[in-house]
Amino acid sequence: METFNCITPVQLRFNDFDTLGHLNNSVYFQLFDLAKSDYFDRVRGEHMPWEHVPVIIANVNCDFLEPTLAGEPVAVRTRLARMGNKSFTLVQQLVDTATGRVKCSCQVVMVYIDLAAGKPAPVPTDWRQAMEAYDGPL
């Protein structure tokens, strides 16, 4: 069982739902982005200046496990799953906080880039250490 130290409560809005009353599939990615911001703020111990943050999303895989309905209390859980040389992978889950049921699970590969060169660069030691310290051993 994976342990998630970063749990971000989210509030769903009326316009987040489709005509069937399910959370629209595009909204999950917005919630995961919101939780990534929270995760990095917690890991780095400061508010991240997103206009200067040198990470980009290289790949996203999302499994929609069961519908999320209006009125369900939900949160996004985020943790480091893999640390590479120039990239790392986060696992994120949208969960019903009342039941603990996972509604959607996502893996996102993020690449650290050299902003001046516009090319991938090694994940700096301070980032690596901060993420591994926050989430514990992989």
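For this structure, a couple of remarks:
- Excluding same-chain neighbours fewer than eight residues apart, the lysines reachable from Lys103 by a Cα-Cα span under 22 Å are Lys36.
- Here the alpha carbons of the stretch 66-114 define both size measures, Rg and Dmax, at 13.7, 43 Å.
- Long-range amide H partners of Ala58 with built H, under 5 Å: Val109, Met110, Val111
- Cα-projected label distance for Ala121 with Asn5, points at 7 Å along beta-carbon direction, nm: 2.5 nm
- Cα centroids of the stretch 80-122 and the stretch 45-66: 6 Å apart.
- Estimated inter-spin distance, Ala133 and Glu51, nm [label 7 Å along Cα→Cβ]: 2.9 nm
- Taking 7 Å steps out from each Cα toward its Cβ at Asp33 and Cys62 produces label points 1.1 nm apart.
- Built amide H within the under 5 Å cut-off of Lys103, gap 5+: Leu94, Val95, Asp96
- Length added when fully stretched, Arg82-Asn15, from 0.36 nm per residue minus Cα-Cα: 20.7 nm
- Surrounding net charge for Val111, when Lys and Arg each add one and Asp and Glu each subtract one, Cβ distance under 12 Å: +1
- With N the number of residues in the stretch 90-138, Rg(Cα) / (2.2 N^0.38 Å) evaluates to 1.58.
- Counted residue by residue at 0.36 nm each, then reduced by the alpha carbon distance between them, the extension gain from Ala98 to Ser26 reaches 23.6 nm.
- Shown in residue order for the stretch 70-77 are the 3J(HN,Hα) couplings computed by the Karplus curve 6.51 cos²θ - 1.76 cosθ + 1.60 at θ = phi - 60°: 4, x, 6, x, 10, 8, 10, 9 Hz (x for Gly and Pro).
- All-pairs alpha carbon distance profile, the chain, 5 Å steps from 0, percent: 2, 10, 20, 22, 19, 13, 9, 5, 2, 0
Computed from the coordinates by the stated procedures, all read-outs in this text should not be read as laboratory data. Quick caveat: nothing in here was measured; it's all calculated off a predicted structure. Glycine also receives a Cβ, built like all others from the backbone with ideal geometry; neighbour counts cover every protein chain displayed.
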